[in-house]
1. What is the set of long-range amide H partners of K86 at a cut-off below 5 Å, with H atoms built 1.01 Å from backbone N?
2. Report, to two decimal places, the Cα Rg of region 96-148 normalised by 2.2 N^0.38 Å (N = number of residues).
3. Might you tell me the accessible area per residue for region 1-133, computed with a 1.4 Å probe and given in Å²?
4. If you add up the charges near D49, with Lys and Arg at +1 and Asp and Glu at -1, over every other residue whose beta carbon is less than 15 angstrom from its beta carbon, what do you get?
5. For D94 and L28, what is the calculated FRET efficiency with R₀ set at 30 Å and r taken between the beta-carbons, to the nearest 0.05?
6. Expressed as a whole percentage, what fraction of the accessible surface of the chain belongs to carbon and sulfur atoms when a 1.4 Å probe is rolled over the protein heavy atoms?
7. Where in the chain are the helices, taken as whole DSSP H runs, whose Cα atoms extend 24 angstrom or more along the long axis and whose Kyte-Doolittle mean reaches at least -0.5?
8. Can you give the FRET efficiency for W42 and E12, using 1/(1 + (r/R0)^6), R0 = 30 Å, r = Cβ-Cβ distance, to the nearest 0.05?
Amino acid sequence: SAEEWVQAIQVENRLQKRSPSTARRNTLAIRKRLELTGPEFWRAIRDGDEELATQAAFCAVLERNLLLMEFMERVVSEAYVSRDEKLERYLWADFLADCAHRDAGIDDWKESTKKKMGQVVYKMLAEVGYLKSTRCLRLQHVRIRPEIKTMLLDNYKHRIRECLEVSQR
């Protein structure tokens, strides 16, 4: 419930954030991501081992963030197909510049916002395992858990499954 959410996040500070405003902002993002996934994804995040929970959470991020999904489909996929060793940092900026041709609103974003978004994207890719680390950006192959594949198929999330499988092409 809304009351339990406030109790857990703001009163008990379960996210261990320094300020209530940061906790509220983070929980709003988390809640929006989880709302688009089903209970089986929530259980995988809550009860699964680290790899399963991370992959389920990444599915929730992809579901909510079409820009990230497109980055996976176009840029990350191409890097694997081309057998690139690394995912260069400039690729995020190039991707946004290309997207701005279709959505002029992207040009209005602050450069600091674009840079921070890129940092977050590369951090997520490292956490899921597509990158060895955020320092070296070396591409790695990711084995998608069978449970994740099944959940995605059962919920007709074929586009997300294809995004997750970019390293297997």
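The values are calculated or read from the model by the stated rules, or taken from the named source; none is laboratory data. Treat the numbers as computed from the prediction; the structure is a model and nothing was measured. Here Cβ is always computed from backbone atoms with ideal geometry, including for glycine, and neighbour counts include all displayed protein chains. To get the accessible areas, we keep the full protein, side chains included, count just its heavy atoms, and leave off ligands, DNA and RNA. Shrake-Rupley method; radii C 1.70, N 1.55, O 1.52, S 1.80 Å.
1. Amide H neighbours of K86, under 5 Å, 5+ apart: L139.
2. 1.46
3. 63
4. Result for the local shell: -1.
5. 0.50
6. It is 49 percent, rounded to a whole number.
7. Span-like helices in the chain: 111-128.
8. Calculated transfer efficiency: 0.95.
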